[in-house]
Amino acid sequence: PSSSFPALRSPLNSLLFSPLPKRRNPLLFLTRATSQNDKDPPPQTTPPPPPQGAKLLPFLISISIGLIVRFLIPIPVEVTLQAWQLFAIFLSTITGLVLSPLPVGAWAFLGLTTSIVTGTLPFTTAFGAFTNEVIWLIVISFFFARGFVKTGLGDRIATYFVKWLGKSTLGLSYGLTLSEALIAPAMPSTTARAGGVFVPIIKSLSLSAGSRPGDPSSRKLGSYLVQSQFQASTNSSALFLTASAQNLLCLKLAEELGIIILNPWVSWFKAASLPALVSLLLTPLILYKFYPPEIKDTPDAPAMAAKKLEQMGPVTKNEWIMVGTMLLAVTLWVCGDTLGIPSVVAAMIGLSMLLLLGVLDWDDCLSEKSAWDTLAWFAVLVGMAGQLTNLGIVSWMSGCVAKSLQSLSLSWPVAFVVLQASYFLIHYLFASQTGHVGALYSAFLAMHLAAGVPGVLAAMALAYNTNLFGSLTHYSSGQAAVYYGGAFLFPLTL
């Protein structure tokens, strides 16, 4: 499945616990290069594939949804023509994000263009969300993740935990889980943590134990470690506000519905700490009982980790700068309300330090395609969702749901359970957590409010669920694609 957060790769990760590769002889390489006869024909190159354009069937389905809503379904009396037309465009955009007739950024741009061409939204309103603080905070978080991978700091932290706790398979799993939780608040992409740090470590450890991907031997060690890390990653993402991009988006959408959470980083952590920490501690143990590895002891893992740390050498200057910068950023995120520094400004300060001190250069930022892609389609979704709220569509939908719930005589606690379960299970239809948030978070939050559920409880519970359903299926999130792509797990095992 396509992922909105492609995995970041590091040159340190190709063979994590293997000896360093031998350098090529530059003189030999030069001799080979210059000995080629000038009259030899140039090597044949494969021509680039022709442009594919939109996939026909997903395109037709996505467009048809919008046209049916706009022209065949009667406009409710409470809704204006402009609001209904934007609602149809929004549904068509969301359908396209699910079916992917084009990459998500391209399809979102088409939806934005349609809203302007049809006169539904003026240009300045349609592009207004591109200056949204939360969206830029998400973009900068990708650059922080790039810094963790580029410096090798994420590798070093995880390898230390393997060295300290890796004598048994269960201890190895706890070491990887705890290192994930430690890195999470400063590396705000679950997919980047999976692909840039943990999958290479797990693969190297598994291969050294004779546990190979795509083979029955995967159950010796690799399947358990991947499944444990995959399930635990959703808990670490729910533990910290800055551990995943969709957390910030959820709070922004809640704010548009009038739910303001003071000191959000601290409030988020206080509410999430007990269930998330308990889940982090229990997940490796539960899987050890119900999805047990064939190898129970890994006595060689600490020695392998120690050897890898020796090869990595002492902590580099760039790693120390990365540690200091992220400690500063997290401190400002925690104390931002007291100091009067918004979260996005704290992130900008951190990124500026990384650029000034040479940990990152501007080419690193420009080459981070996933960040700019996220800027494009997040801004479109947030902008449309905000205008749907302003034009009354969300209040109309929530009113309809509230009447249905009242007809069933459901109390707000029961309605809370029903709506939360529905929001969670609907994710079987999505391959992206952020796509799910953009499509349904505002609507479900409005339904909660109409049913009488306290606003902060509803907003936070939906946001936590957004993290938890990331491990629901093998296609449910970006990290799911990374963990299952290693072939230690098969879709039917979840």
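The values are calculated or read from the model by the stated rules, or taken from the named source; none is laboratory data. A quick note: this is a predicted structure, and the numbers were derived from the prediction, not measured. Positions of Cβ are generated from backbone atoms using ideal geometry, with glycine treated the same way; all protein chains shown enter the neighbour counts. Each accessible area value is taken on the protein alone, full model and side chains, heavy atoms only, with ligands, DNA and RNA left out. Shrake-Rupley method; radii C 1.70, N 1.55, O 1.52, S 1.80 Å.
What the table shows:
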read-out	value
Segment 117-126 - residue that is out of contact with any Ser or Thr (no Cβ under 7 Å at 6 or more places or on another chain) and closer than 14 Å to Ala379 by Cβ and, of those, most open to solvent (accessible area, probe 1.4 Å)	Phe123
Top-ranked residue of segment 279-319 - restricted to ones that are free of Cβ contacts under 8 Å to residues at least 60 places away in the same chain, more than 30 Å from Ser343 (Cα to Cα) and assigned to a helix (DSSP H, G or I), ranked as least open to solvent (accessible area, probe 1.4 Å)	Ala303
Within segment 202-221, considering residues that are open to solvent by 50 Å² or more (accessible area, probe 1.4 Å) and within 26 Å of the chain's Cα centre (by Cα), the one nearest to Leu170 (Cα to Cα)	Lys203
Residue ID - farthest from Leu178 (Cα to Cα), chosen from residues in segment 260-276 that are open to solvent by 80 Å² or more (accessible area, probe 1.4 Å) and free of Cβ contacts under 8 Å to residues at least 40 places away in the same chain	Ile260
Breaking point among (1) without any contact (Cβ under 8 Å) to a residue 60 or more places away in the chain; (2) assigned to a helix (DSSP H, G or I), for Met384	(1)
Pair list, Cβ under 6 Å, 6 or more apart: segment 219-248 residue farther than 30 Å from Asn263 by Cα, other residue open to solvent by 10 Å² or more (accessible area, probe 1.4 Å) and among the acidic types (Asp, Glu)	Arg219/Glu294; Lys220/Glu294
Any hit, segment 185-201, residues being touching a residue at least 40 places away in the same chain (Cβ under 8 Å), surrounded by fewer than 24 Cβ atoms within 10 Å (Cβ to Cβ) and closer than 26 Å to Arg146 by Cβ	yes
Residue check, Asp373 of a type in the set (Asp, Glu), within 23 Å of Gln246 (Cβ to Cβ) and either in a loop (DSSP other than H, G, I, E, B) or open to solvent by 40 Å² or more (accessible area, probe 1.4 Å) (or both)	yes
Residue satisfying all of: in segment 433-488; among the aliphatic types (A, V, I, L, M) and part of a loop (DSSP other than H, G, I, E, B); farthest from Ser217 (Cα to Cα) among these	Ala451
Segment 117-130 residues that are farther than 16 Å from Leu81 by Cβ, paired with ones that are among the polar types (S, T, N, Q) and buried (at least 16 other Cβ atoms within 10 Å of the Cβ) (beta carbon under 6 Å, 6 or more apart)	Ala126/Ser115
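So that you can scan it fast, the table gives a plain yes or no per residue for (1) open to solvent by 50 Å² or more (accessible area, probe 1.4 Å); (2) at pLDDT 85 or above; (3) more than 30 Å from Gln82 (Cβ to Cβ):
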site: Ile321; (1), (2), (3): no, yes, yes
site: Leu357; (1), (2), (3): yes, yes, yes
site: Leu366; (1), (2), (3): yes, yes, yes
site: Val380; (1), (2), (3): no, yes, no
site: Gly386; (1), (2), (3): no, no, no
site: Asn390; (1), (2), (3): yes, no, no
site: Cys400; (1), (2), (3): yes, no, no
